[in-house]
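First up is the structure itself, then whatever we jot down about it.
Quick note: the coordinates plus some simple rules give every number you see, no bench work behind them. These figures come from a predicted structure and were not determined experimentally. As a convention, Cβ positions derive from the backbone with ideal geometry for all residues, glycine included, and neighbour counts pool all protein chains shown.
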Amino acid sequence: MGALYVVPTPIGNLEDMTLRALRILREASLIAAEDTRTSRVLTRHYDIDTPMTSYHEHNKLAKLEKIFAALQTGDVALISDAGTPGISDPGFELIAAAIERGHEVIPLPGACALTTALVGSGMATDRFVYLGFLPRKRSALKALLAEFADRSETLVAYESPYRLGESLAAIAAALGDDRRVCVAREMSKRFEQFYRGTARQLRDAFAEDNPRGEVTLVIAGADPDGAVWSEAQVKRALIERQDAGESLSRAASEVAKRARWKKNAVYRLGVRRD
């Protein structure tokens, strides 16, 4: 009975493959890849001719038995398009199924956008929460941010470059204009960039200019002794929440928590606006 090897692949720079990972890909009887077209760029670069099959969100059920048949006679290497399999991709389901069927699962260390962005952000790394891909719906994103607004851990999330401006605006509204944020894009690639600043600064920077390439967001945790918001900050957050459809009472309650104001004082600002 073979083992399932979980093999990280580069998130950009092909030199980020480990020697062990290359050996496993050569010695395995089968490579299960998220996208065979993408993965063949890697295998051709390193002259690896191991048979390959696709395993992704849309065919994972159909491919399970083929992969487990291969595991009966040899080892299988699981790879994703980029980074570590199992992080926000269907690889975790194959890993869980292999464990349930009694196969040894051997994870290799290697490239991962999550940890690369985190250590490059300059924010606290002792405790962090990975949020996965941010929700596409505005209401779901607001609910998620509200859930973590008072948490002190650093937050890390993946986001589409096409929704980056909207997400930064939501972060500023939910967590405060001065919450520190880092936008990491194209990590390990030629045009790698880390944009560091406040939620307001990055919201304004990306309001109409979405970057190209993969994006990872790192958000500083809440400061339990954070400064009280100015009246201008409170008004801006209140208006954004009301424009998004929240009632004045609900918006005042949520903004008061973030701003360290009394709810009645925030509510009065909203009443004056009306």
Efficiency of FRET between residue 45 and residue 146 - r from beta-carbon atoms, R0 35 angstrom, step 0.05:
0.20
Along the positive direction of the dipole of region 165-274 (beta-carbon charges: Lys, Arg +1; Asp, Glu -1; about the Cα centre), which of 167, 215, 261 reaches farthest?
261
Can you give the Kirkwood hydrodynamic radius of the chain from its Cα pairs, in Å with one decimal?
20.7
Give the long-range amide H neighbours of residue 11: residues separated by 5 or more places, or on another chain, with amide H under 5 Å away, using H modelled in the peptide plane at 1.01 Å from N.
83
Calc'd 3J(HN,Hα), region 112-129, phi into Karplus 6.51 cos²θ - 1.76 cosθ + 1.60 (θ = phi - 60°), Hz, glycine/Pro = x, comes to 7, 4, 4, 6, 4, 5, 4, 6, x, 6, x, 9, 4, 10, 6, 9, 8, 10
Using a Cα-Cα cut-off of under 16 Å, which lysines could be cross-linked to residue 142, ignoring same-chain neighbours fewer than 8 residues away?
257
Would you mind putting 246-254, 161-169 in packing order, based on average other-beta-carbon counts within 10 Å, highest first?
161-169, 246-254
Where both residues lie in the chain, what percent of DSSP beta bridges are antiparallel, nearest 5?
50
Which residues qualify? For residue 30, with a placed amide H closer than 5 Å and at least 5 residues away or on another chain, they are 77
Given 0.36 nm per residue, what is the gain on full extension from residue 13 to residue 209 after removing their alpha carbon distance, in nm?
68.0 nm
Translational diffusion coefficient, Stokes-Einstein: compute it for region 101-237 using the Kirkwood radius over C-alpha pairs as Rh, at 25 °C and 0.890 mPa s, and state it as an integer in µm² s⁻¹.
157
